[in-house]
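Only one structure is covered here, and it is reproduced in the block below.
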Amino acid sequence: MASDKANAKIGAARAKAGTRTSAVTLWQSLPDSFMYPLNVRYIIIMLSLSAASLIISKFPLGDFIGQSFVWLVLTRVGFDIIDRVAAGYLKFSETPDDYPSGGLIRPLKYWLVLLVLDIIALKFARSLGYGTYLAAGVAISVITPAICIVLATTGKFRQAMDPAQWVRIIKATSASFPLLALLSLGTDQFSSAAYDAITTDDDEQSGSMIAYFMVDLVTNYLSLAFFHFVGSAAYIHRAALGLEAETDATSSVAEDRELLANRATETAVNAALASGDFKAAETLAYDAMRDDPQNIDAHRLYHQVLMKGIDRARTMEHARRYLSLLIQRGNDVEAVKLFKDCKQADAEFRPQDPAQILPLAKSARMLREPKAAIAMLNGFDKLNPGHPDTAAVYLLSARLLAEDLGRDDMARKVLLHVLSKYPGHSLAPEAAKLLEAVDAMSTAAPRPAA
């Protein structure tokens, strides 16, 4: 989802939500919200942020700087969580490893919103007293979910600060919004109350430092759970929020904007390359891809730039993500071409997901690229022991060898291996039939190998 497309398009990743079940209420997703941050990746992030905040607080203005830093990282991680959950991946274990990031722009805008609202609340505290400050904090906590959803779905700072947009979100999520507001308020009030309870005249005591660390840790945890809850609300109410189908006119406008943006980026990248500034070209291409991770043209341009560089490992790492996106979109021609180019540059190159190899090889065969198909299948059994596609990979390899490459001898060996190792497999009869055909062809006039 690119931040400059407003309501026109929220990204192909989130559009996947339409293909996943939504038979769940926000109450039912609540356990998932609290369980989602409890994995190694997020636990490390939460612990690191708590430690960093504690260290930064020792410096002048450290409390403000530390809090601002923690908010920025949490919102960056949190908006990725929103995108994933809004696409229907309610559990961390369900989310694909290569799920694209939505970039820094939306989180940065939300971070600015949080800073502005905090400054407003502090102003109330200084001028009107603690009671007014508390009331302002409650009001801010209640509207925070609406602001978060607006930014997550539109990327527009101005819309996020528009009360009319808050009302739109509240109406669209009417059945769920009280829960969202309650979790937001609970997180904010827990943090304030806990800090008030542990603050002493001597903040240097080791016990106080441990207490601050634990309060920070729990606050970070509740914040990530809140972002999951926001994503759940966006997923459950996506129709009311306008996140499902686009009109043809809206889609056309979005595509026109994307085309113009792609052309402008490509022109700038080519100009940088022509001037010999490879680093600038790479940065421009990377930023375009990062801001719109579902944009095939942006990935293509970034790949072309990387292929001109010398960092082969990074080039191949991105190529695997790019190839995965092409396969997901059904762009078989470009996917097969990309595989061939990468295989030529790096003999060890393989698709990111083993489950993608068999369909990609079938596409290569349909495109009359049998050698590329064989290259995709080679070594599959050794690299992916026990994979459910192994028998089908063997069978397709034998078919390619016999029917496309004229290597009957090798095809026979593969088929005999399939029949001996997988005698009860559903593909065994097909393998036996193909073996008979190979034997029959072998007794006929010899065929030249391709």
Among the residues of region 27-45, is any of a type in the set (Val, Ile, Thr), in the same structural domain as Thr219 (by TED's automatic domain parsing) and modelled with pLDDT under 85? no
Answer with yes or no whether Ile55 is β-branched (Val, Ile, Thr) and either in a loop (DSSP other than H, G, I, E, B) or out of contact with any helix residue (DSSP H, G or I) (no Cβ under 6 Å at 6 or more places or on another chain) (or both). yes
Of all residues in region 293-304, how many are part of a helix (DSSP H, G or I) and either touching a Pro at 6+ places or on another chain (Cβ under 6 Å) or buried (at least 22 other Cβ atoms within 10 Å of the Cβ) (or both)? 4
If you check Arg350 against the conditions, is it under 19 Å from Asp404 (Cβ atoms) and outside any helix (DSSP H, G or I)? no
Yes or no: region 153-166 includes at least one residue that is of a type in the set (Gly, Ala, Ser), modelled with pLDDT of 80 or more, in a helix (DSSP H, G or I) and closer than 27 Å to Pro31 by Cβ. no
Within region 329-355, the residues that are polar (S, T, N, Q), at pLDDT below 90 and farther than 15 Å from Arg300 by Cα are Gln352
Would you confirm, using the coordinates I've provided, whether Ala152 is touching a Gly at 6+ places or on another chain (Cβ under 9 Å) and within 15 Å of Leu241 (Cβ to Cβ)? yes
Among what's in region 58-94 and is part of a loop (DSSP other than H, G, I, E, B) and either of a type in the set (A, V, I, L, M) or crowded, with 19+ Cβ neighbours inside 10 Å (or both), pick the residue that is modelled with the lowest pLDDT. Leu61
Evaluate the following for Lys362: is it closer than 23 Å to Ala319 by Cβ and out of contact with any Lys or Arg (no Cβ under 8 Å at 6 or more places or on another chain)? yes
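The values are calculated or read from the model by the stated rules, or taken from the named source; none is laboratory data. Worth saying up front: this structure is predicted, and the values here are computed from it rather than measured. When we count neighbours, we look across all protein chains shown, and the Cβ atoms used for this are built from the backbone with ideal geometry, even at glycine.
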